[in-house]
Amino acid sequence: MNEDMVRVKIDRYDPEKNKNYIQTYEVPRGTKVRVLDFLNYIFDEFDPSLAYRRHLCNAKMCNGCMMMVNGKPRLVCWEVVPPEQNEITLSPLKRGKVLKDLVVDFGEKGVSEEELTD
């Protein structure tokens, strides 16, 4: 794989088929820095069916974009993909019901900063 590309593996969920599957995208690094930049690129350029929370604060305030990044709960609007990293794996947060792909029902309480701790 070209070092200017990042492989993004996404654990997706199709509620109509009640089926999980992994989908992989090769995304040019370009000026993308945060995980959310990569998700937005995938949605805009490859796959508008990808479900994730797109319209967020982008300021580490609402916690709505929390998902698993390489197995750890992270805010994707804030999580940086280092220049030396050429692969990331994204999956829904392990808390709550997965509605579709990376969207989880957080329930009435929402999601808290404490859930970001390893």
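A short reminder: the numbers here are calculations on the coordinates, not readings from a lab. What you see is a predicted model; the values in this text were computed from it and never measured. Please note: Cβ atoms are built from the backbone with ideal geometry, for glycine as well, and neighbour counts cover all protein chains shown.
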Charge dipole of segment 5-106 built from unit charges on the beta carbon (Lys, Arg +1; Asp, Glu -1), centred at mean Cα; most positive-end Cα among N40, L102, C62 is C62
Could the peptides 17-23, 48-54, 6-12 be put in order, highest first, of the mean number of other beta-carbon atoms found within 10 Å of their residues?
-> 6-12, 48-54, 17-23
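How many percent of the alpha carbon pairs in segment 5-106 exceed a separation of 23 Å? Mind dumping the intermediate values first?
Details: 918 of 5151 pairs.
I get 18 percent for the Cα pairs in segment 5-106 exceeding 23 Å.
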Label-point separation (nm) for I22 and V80, each offset 7 Å from Cα along Cα-to-Cβ?
-> 2.8 nm
